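The values are calculated or read from the model by the stated rules, or taken from the named source; none is laboratory data. Quick caveat, the model's predicted, so the values are computed rather than measured. Because the Cβ atoms are built from the backbone with ideal geometry, glycine has one as well, and the counts that use them run over all protein chains shown.
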Amino acid sequence: MGPGAGAGATLDGVLASFGVAVQYLGLAQAGAGSGVWPVVAGRVAAVVLLLPGLWRHAGRFRQPPQVWGKATATGAGAALALLLYLWAAQRQMLSVVVLLASLYPAVPTVLGLTLLHERVSTRQTVGLLGAAMAITLLTLG
């Protein structure tokens, strides 16, 4: 990784986190009678937002069909997670939802460790410990 690459990755992470937060806040505002439409609208908005970048860099996104299948399955899993979040938010179960959603940053890290045999950096260790402390504090009330 060259100089300045870490800053770009950090900015990408911050922007992605902001997008996720806006999405969760928007779903929390959806009324009980809204059905699945808030999730559908969010998924469509995400695709519309990403299409110009995909179009501009189409050559970099040429992949075998298996990769596109896996990407589609990942997107479907994310949509299912958002539907379950919406369902829980509409039933006033946010304390459970917030705790489970807070686990998200640890999941890709653990998958990277177990499946890709990545090594944990000091920053990641601090982040995982911070997540563990936050989860502990949330469960204690």
Quiz prompt | Criterion (closer than 20 Å to residue 93 by Cβ and at pLDDT 85 or above) met by exactly one of 77, 69, 35 | solution = 35
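From the list 99, 83, which one is under 20 Å from residue 19 (Cβ atoms), assigned to a helix (DSSP H, G or I) and of a type in the set (A, V, I, L, M)? Steps first, please.
Details: 99 fails: under 20 Å from residue 19 (Cβ atoms).
Result of the check over 99, 83: 83.
Give the residues of the stretch 42-72 that are loosely packed, with under 10 Cβ neighbours inside 10 Å and either of a type in the set (Gly, Ala, Ser) or part of a helix (DSSP H, G or I) (or both), sorted by residue number. If you could, list the steps in order and put the result at the bottom.
Going through the stretch 42-72, the residues loosely packed, with under 10 Cβ neighbours inside 10 Å turn out to be 48, 52, 55-60, 62, 64-66.
The answer is 48, 52, 55, 56, 58, 59, 60, 65, 66.
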Exercise. Specify the residue that is farthest from residue 140 (Cα to Cα); the eligible residues are those in the stretch 96-118 that are touching a residue at least 12 places away in the same chain (Cβ under 8 Å) and among the polar types (S, T, N, Q).
Key: 109
Quiz item: residue 32 is checked against (1) surrounded by 14 or more Cβ atoms within 10 Å (Cβ to Cβ); (2) in contact with a Lys or Arg (Cβ under 9 Å, 6 or more places away or on another chain); (3) not charged (D, E, K, R) and fails just one. What number does that condition carry?
Solution: (1)
Quiz item: Which pairs do you get when a residue that is over 16 Å from residue 79 (Cα atoms), found in the stretch 30-58, comes within reach of a residue that is of a type outside the set (Phe, Trp, Tyr) and surrounded by 11 or more Cβ atoms within 10 Å (Cβ to Cβ), reach meaning Cβ atoms under 7 angstrom, with the pair 6+ apart or on two chains?
Solution: 32/90
Quiz prompt | Condition check for residue 99: within 19 Å of the chain's Cα centre (by Cα) and surrounded by 14 or more Cβ atoms within 10 Å (Cβ to Cβ) | solution = no
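Looking at 58, 89, which is the one that is aliphatic (A, V, I, L, M) and over 19 Å from the mean Cα position of the chain (by Cα)? Can you show your working first?
Details: 89 fails: over 19 Å from the mean Cα position of the chain (by Cα).
Checking each option against the conditions leaves just 58.
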